[in-house]
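As structure tokens, the structure follows; a few thoughts come after it.
The values are calculated or read from the model by the stated rules, or taken from the named source; none is laboratory data. Bear in mind the structure is a predicted one, so any value in this text is a computation, not a measurement. We place every Cβ from the backbone using ideal geometry, glycine too, and count neighbours over all the protein chains shown. Calculation scope for accessible area: heavy atoms of the full protein, side chains included, ligands and nucleic acids excluded. Shrake-Rupley method; radii C 1.70, N 1.55, O 1.52, S 1.80 Å.
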Amino acid sequence: QPGMDDPTVKLPAPGAQVQAPAAVISDALAAGIQDITNVLAGDSVRLNEVLRMVLETMYHALGFQRIVFCLRDPTNGRLHGRFGLGDRAAVLSPKFEVLLRWPANQAPDLFGAVCLKGSDTVIADARAATIAQRLPAWYRQHIDARSFLLLPMVMKQLPFALIYADQAGNDGLQLSERQLALLSTLRNQAVMAFRQITPQG
């Protein structure tokens, strides 16, 4: 996909996290993973409980400005924001509308391309020209964060959900390789919950 190899789409240097010492963040993520593992191993697993635990672990460990969970709407095939945590999350979640299909002559926007690729992506600077021109209009109008993280959720090679998180300020989202690996594990636990449970309603 054009622009996906741009240097602004990168993992910042390990240890660059400034919100808290890297070890503290990693320990908090690992503790959340263990708690969710215990819940998934229980007799009665509630999908919404697991999803909220995943988002809360990410949100509190890394001090995100906001985090939003998007789920595919079977009526139109798009990923819609369902709920979130943090700054204006309740108001902004419904603004998320990630397209997964486009006309043949139109390139996917960045959100759609990342989801179709199933690739965990850190956008260090969304104002960079090569990134900004690929952001969907709804994102530029309503969210417009300087730095954000996309964790697509894929089942049977098809994206069905997305975890979005952003950081306040102009310093850019700083994640070490270990932190991103732990975030990916948390995302995988959310996928596992979907595999185990058929959501009601």
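Numbers below:
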{"quantity": "Search result, residues across the range 146-171 that are closer than 14 Å to residue 64 by Cβ and open to solvent by 10 Å² or more (accessible area, probe 1.4 Å)", "calculated": "146, 167, 168, 169, 171"}
{"quantity": "Pick from the range 96-133, criterion touching a Phe, Trp or Tyr at 6+ places or on another chain (Cβ under 7 Å) and more than 12 Å from residue 78 (Cβ to Cβ), ranking: surrounded by the most Cβ atoms within 10 Å (Cβ to Cβ)", "calculated": "123"}
{"quantity": "Residue 86 being at pLDDT 95 or above, crowded, with 17+ Cβ neighbours inside 10 Å and on the phi > 0 side of the Ramachandran plot", "calculated": "yes"}
{"quantity": "Exclusive hit being of a type in the set (Val, Ile, Thr) and closer than 25 Å to residue 197 by Cβ, set 91, 39, 122", "calculated": "39"}
{"quantity": "Complete set of residues in the range 62-80 that are touching a residue at least 40 places away in the same chain (Cβ under 8 Å) and either assigned to a helix (DSSP H, G or I) or more than 18 Å from residue 118 (Cα to Cα) (or both)", "calculated": "62, 63, 64, 65, 66, 67"}
{"quantity": "Condition check for residue 56: touching a His at 6+ places or on another chain (Cβ under 9 Å) and either within 18 Å of residue 159 (Cβ to Cβ) or among the acidic types (Asp, Glu) (or both)", "calculated": "no"}
{"quantity": "Unmet requirement for residue 91, which otherwise passes all of (1) open to solvent by 70 Å² or more (accessible area, probe 1.4 Å); (2) farther than 22 Å from residue 159 by Cα; (3) β-branched (Val, Ile, Thr); (4) over 18 Å from the mean Cα position of the chain (by Cα)", "calculated": "(4)"}
{"quantity": "Any hit, the range 154-164, residues being among the aliphatic types (A, V, I, L, M), outside any loop (DSSP other than H, G, I, E, B), out of contact with any Phe, Trp or Tyr (no Cβ under 9 Å at 6 or more places or on another chain) and closer than 20 Å to residue 79 by Cα", "calculated": "yes"}
